[in-house]
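Notes follow once the structure below has been shown.
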Amino acid sequence: MPGAAVYPGLDDWRSLPIAQQPTWTESPAFEPTVKELSVLPPLVFAGEVDVLRSRLAQAAQGKAFLLQGGDCAETFEAATADKISARVKTILQMAVVLTYGAQLPVIKMGRMAGQFAKPRSSNDETRDGVTLPAYRGDIVNGYDFTPESRQHDPARMLKAYHTSASTLNLIRAFTQGGFADLRSVHEWNKGFTSNPAHSRYEQLAKEIDSAIKFMASCGADFEALKTVEFFASHEALLLDYERALTRIDSRTGFPYDTSAHFLWIGERTRELDQAHVDFLSRVRNPIGVKLGPTTSPDDALALIEKLDPNREPGRLTFITRMGAKNIREKLPNLVEKVTASGAQVLWVTDPMHGNTVTSPNGYKTRNFDDVIDEVRGFFEVHQAQGTFPGGLHVEMTGDDVAECLGGADPIDQEAFLTGYESVCDPRLNHKQSLEMAFLVSEELRKSL
Ligand code: PEP
Ligand code: MN
């Protein structure tokens, strides 16, 4: 490929079966776009990626907890300062509550600054007798239901790159520039618990308050706590894009996919002998794999062998998304066999993707109670196995949307008519996200 970094094996995926890709290689814009992407500056730096790997290694060893959250699908239109900062703010708010609950450092990671590509269960969508290509995320085509908009357009990869760059720029400013001061984040959370619907969380908020006062009396350096590390992640779905952003690090000599710090392989593209697993086995970034209810222990062991042959803590994260109904039945065997193999993966729960339902009025939604039930099941299984429940992966937003049902300040299906904004899966809104953090914090405290 013109301009792209050369390294043995980095292009082997091209001769393997590959799922969920756009049909755009014949477009005249394809070659020039890939060429341009392959010489643009990296979005993240190899040194940062290495820091993240060491943080995740801590989590794999039970000494840190991962919080990964953001949209199901980011859109170009919603990459505004208000929406990006609201989401970062919500993740930081959740992180403070979880830090208190876990009594451990919380690694903060956004499904942000690159989460533009979506796998779909069907290639097409039919409305009123008209069939068009399915929406595959803003990096591939538009959401509007017209032939022009739904056409796969490789030039969108450049827009995705630049939107990721400006999103990351804002995230870096927000988290490095003093806005993330622990005391202000705690003040924001007080707003949440002062809502009568959330009074049951007041006690925990008070405890956090006295912990902060205690730190202050001991002379804690709050200036040093004004900045936080924040990492970017997305599903590595479009290998044309991921490959073009891969660079050989001059310091270590290894290839890094510089589109994000952390990349994950989705449930639909985790086939062992196919392109996604092969490509991601070649880059140094920490890698996640989503594991759904059909995953067998042998699948998991083979993924470990391929993606983490050196058994390097922090390299491999298994993000289980079993569904509340399955988690207590399916997870134990997986955890047991993986642990028995000697591998040290980081176990994270995604309580969203196994719990998607359609509301009676026709919206794709999730019940807050199911989401929480899966998290509880995840903790129960790991407690019983003596393994560490190391993180939480959620689809959430900082805005006041209505997409998931329930919560203490409940959302009902009527609210979807005016408050449903997601172009893909339903997200927890700001309040539901914080409520989840309080509930998970209570779980974490039980396991101390
Ligand atoms: C997602 O994370 O949005 C997603 C599609 O998940 P999964 O691969 O687990 O279905
Ligand atoms: Mn999703």
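The values are calculated or read from the model by the stated rules, or taken from the named source; none is laboratory data. What you see is a predicted model; the values in this text were computed from it and never measured. Here the Cβ is made from the backbone with ideal geometry for all residues, glycine too, and neighbour counts use every protein chain on show. For accessibility, only protein heavy atoms count, side chains too; no ligands or nucleic acids. Shrake-Rupley method; radii C 1.70, N 1.55, O 1.52, S 1.80 Å.
The number of residues in segment 350-375 that are out of contact with any Pro (no Cβ under 9 Å at 6 or more places or on another chain), under 17 Å from His393 (Cα atoms) and either outside any loop (DSSP other than H, G, I, E, B) or without any contact (Cβ under 8 Å) to a residue 40 or more places away in the chain (or both) comes to 3. The set of residues in segment 182-197 being part of a helix (DSSP H, G or I) and either free of Cβ contacts under 8 Å to residues at least 24 places away in the same chain or under 13 Å from Ser441 (Cβ atoms) (or both) consists of Ser184, Glu187, Asn189, Lys190, Gly191, Phe192, Thr193, Pro196. Looking for something acidic (Asp, Glu) and within 30 Å of Asp240 (Cα to Cα) - is there at least one such residue anywhere in segment 112-135? Checked against the condition, which is being acidic (Asp, Glu) and within 30 Å of Asp240 (Cα to Cα), segment 112-135 yields at least one hit. So for segment 429-440 (the condition being within 15 Å of ligand 2 (Cβ to nearest atom), over 17 Å from the mean Cα position of the chain (by Cα) and under 24 Å from Tyr201 (Cα atoms)), does at least one residue qualify? The answer is no, given that none of the residues of segment 429-440 is within 15 Å of ligand 2 (Cβ to nearest atom), over 17 Å from the mean Cα position of the chain (by Cα) and under 24 Å from Tyr201 (Cα atoms). Of all residues in segment 156-181, which are assigned to a helix (DSSP H, G or I), free of Cβ contacts under 8 Å to residues at least 60 places away in the same chain and surrounded by 15 or more Cβ atoms within 10 Å (Cβ to Cβ)? Once the filter is applied, which keeps residues that are assigned to a helix (DSSP H, G or I), free of Cβ contacts under 8 Å to residues at least 60 places away in the same chain and surrounded by 15 or more Cβ atoms within 10 Å (Cβ to Cβ), segment 156-181 yields only Arg156. Would you be able to tell me the number of residues in segment 2-37 that are over 30 Å from Ser121 (Cβ atoms) and β-branched (Val, Ile, Thr)? Selection size over segment 2-37: 1. Go through segment 21-49 and give me each residue that's in a helix (DSSP H, G or I) and in contact with an Asp or Glu (Cβ under 9 Å, 6 or more places away or on another chain). Residues satisfying the conditions are Phe30, Thr33, Val34, Leu37, Ala46, Gly47, Glu48, Val49.
Screening Tyr201 on (1) touching a helix residue (DSSP H, G or I) at 6+ places or on another chain (Cβ under 6 Å); (2) more than 24 Å from Asp350 (Cα to Cα) shows it passes everything except condition (2). What's the total number of residues in segment 41-90 that are on the phi < 0 side of the Ramachandran plot and within 16 Å of ligand 1 (Cβ to nearest atom)? Final tally of qualifying residues: 11.
How many residues, within segment 336-372, are within 14 Å of ligand 2 (Cβ to nearest atom) and farther than 19 Å from Val401 by Cβ? Going through segment 336-372 one residue at a time, the tally reaches 2. With respect to the stated conditions, Leu104 is over 24 Å from Ala160 (Cβ atoms), hydrophobic (A, V, I, L, M, F, W, C) and either open to solvent by 10 Å² or more (accessible area, probe 1.4 Å) or in a helix (DSSP H, G or I) (or both). Please work out if Phe378 is surrounded by 22 or more Cβ atoms within 10 Å (Cβ to Cβ) and away from ligand 2 (no atom under 16 Å from the Cβ). Judged against the criteria, Phe378 is a match. Looking only at segment 255-286, count every residue that is out of contact with any strand residue (DSSP E or B) (no Cβ under 6 Å at 6 or more places or on another chain), among the hydrophobic types (A, V, I, L, M, F, W, C) and in contact (Cβ under 8 Å) with a residue 40 or more places away in the chain and tell me the total. Residues in segment 255-286 being out of contact with any strand residue (DSSP E or B) (no Cβ under 6 Å at 6 or more places or on another chain), among the hydrophobic types (A, V, I, L, M, F, W, C) and in contact (Cβ under 8 Å) with a residue 40 or more places away in the chain: 2 in total.
Looking at Gly406, is it at negative phi and touching a residue at least 12 places away in the same chain (Cβ under 8 Å)? Here the answer is no, as Gly406 does not meet what is asked. Out of Ala216, Ala220, Ala205, which single residue is over 29 Å from the mean Cα position of the chain (by Cα), open to solvent by less than 50 Å² (accessible area, probe 1.4 Å) and within 17 Å of Thr99 (Cβ to Cβ)? Sole residue among the options that is over 29 Å from the mean Cα position of the chain (by Cα), open to solvent by less than 50 Å² (accessible area, probe 1.4 Å) and within 17 Å of Thr99 (Cβ to Cβ): Ala220. Does Arg111 meet the test of being crowded, with 18+ Cβ neighbours inside 10 Å, under 14 Å from Gly70 (Cβ atoms), in contact (Cβ under 8 Å) with a residue 24 or more places away in the chain and within 16 Å of ligand 1 (Cβ to nearest atom)? So Arg111 passes the test. Restricting the search to segment 115-150, which residues are among the hydrophobic types (A, V, I, L, M, F, W, C) and either part of a loop (DSSP other than H, G, I, E, B) or crowded, with 24+ Cβ neighbours inside 10 Å (or both)? Across segment 115-150, the qualifying residues are Phe116, Ala117, Ala134, Ile139, Val140, Phe145. When the strands (runs of 3 or more DSSP E) confined to segment 220-320 are screened for residues that are more than 23 Å from Phe30 (Cα to Cα), those reaching at least 3 such residues are found at 231-235, 262-265, 287-291, 316-320. Comparison of Phe262, Phe279, Phe254 shows that the only residue that is at pLDDT 95 or above, touching a Pro at 6+ places or on another chain (Cβ under 6 Å) and among the aromatic types (Phe, Trp, Tyr) is Phe262.
When Met112 is tested against (1) in contact with a strand residue (DSSP E or B) (Cβ under 6 Å, 6 or more places away or on another chain); (2) part of a strand (DSSP E or B), just one condition goes unmet, and that condition is (2). You will find that of Gln115, Gln68, Gln58, the residue that is within 23 Å of Val345 (Cβ to Cβ), away from ligand 2 (no atom under 16 Å from the Cβ) and not small (Gly, Ala, Ser) is Gln58 and no other.
Here the condition is being open to solvent by 30 Å² or more (accessible area, probe 1.4 Å), in a loop (DSSP other than H, G, I, E, B) and away from ligand 1 (no atom under 16 Å from the Cβ); of Ala384, Ala408, it holds for Ala408 alone. Take the residues of segment 322-349 that are farther than 23 Å from Gln61 by Cβ, open to solvent by 30 Å² or more (accessible area, probe 1.4 Å) and part of a loop (DSSP other than H, G, I, E, B): which is farthest from ligand 1 (Cβ to nearest atom)? Ranking the qualifying residues of segment 322-349, first place goes to Lys325.
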